[in-house]
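Working notes for the structure below.
Values in this text are rule-based calculations from the coordinates and carry no lab data. Here the structure is a predicted model, which is why all the values come from computation and not from measurement. A quick note on method: Cβ atoms are made from the backbone with ideal geometry, for glycine too, and the neighbour counts reach across all protein chains shown.
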Amino acid sequence: MNVEIDAPNDSCTFVVEGNRYPRAISSLVITTDPEKRMSVIDLPETRVFLNEQDAQQLIGAGAKDDRSNVITDDPDN
């Protein structure tokens, strides 16, 4: 997955398996996948997992941050 961010124009494009998904940054909601413990955006066409740098850049550019901290009872994690 690759994300192209154009913050001044409120746009970004997610590239997943060769498919391009352009979106307005202000329309995005970033959540947390509890199993993978990763930031994620659910698009109608696909689910996009984000590294934390991309998530922070999108949030700084206007995406809604709806992530949650995932806490585990497993002391090894």
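Side notes on the structure shown:
- Largest-first principal axis extents, alpha carbons of the chain, Å: 44, 26, 19
- Charged-residue dipole, Cβ positions (Lys, Arg, Asp, Glu), the chain about Cα centre, Debye nearest 20: 260
- For the chain, calculated [θ]222 nm from helices alone, where every DSSP H run of n ≥ 4 adds -39500 (n - 2.57): -3500 deg cm²/dmol
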